[in-house]
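Visitor: Once you've had a glance at the structure underneath, I'll fire off some questions.
Since every read-out is calculated from the coordinates, none of them should be taken as a lab result. As the structure is a prediction and not an experimental result, all values here were calculated from the model. Backbone-built Cβ (ideal geometry, glycine too); neighbour counts: all protein chains shown.
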């Protein structure tokens, strides 16, 4: 199946997403092979925007309990990525976290920042 992508439309969508959520580093939408939306996303958020998590273990952040979200990666200032960090991993303000979950829950989290 051929698909035509208009770069102006795609760029416009990305720009509006970044304007609506300036704390996001990047965002990914996940699609199924049938091209139906799964309504899940992965967002990168700088912990400097979530300073309440500085020095906390992942298990104490309550992202899963309060937002049904999971931290699937941590990026440090050197660009090193830790995939699937453990629940006892301590978060620091200079890190960026990768969070996965339903788009509506990701939006709820970013709205609370």
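Visitor: Just rank 98, 56, 93, fewest to most, by other beta-carbon atoms within 10 angstrom.
Guide: Listed from fewest to most nearby Cβ atoms, that is 93, 56, 98.
Visitor: Please give the contour-minus-distance gain from residue 92 to residue 104: 0.36 nm per residue of separation, less the Cα-Cα distance, rounded to one decimal in nm.
Guide: Full extension from residue 92 to residue 104 adds 1.8 nm.
Visitor: So how far apart, in nm, are the two label points at residue 39 and residue 81 if each is 7 Å from Cα heading toward Cβ?
Guide: For residue 39 paired with residue 81, the spin-label model returns 2.7 nm.
Visitor: Could you check the simple spin-label distance between residue 52 and residue 112, using points 7 Å along Cα→Cβ, in nm with one decimal?
Guide: In this crude spin-label approximation the distance works out to 0.6 nm.
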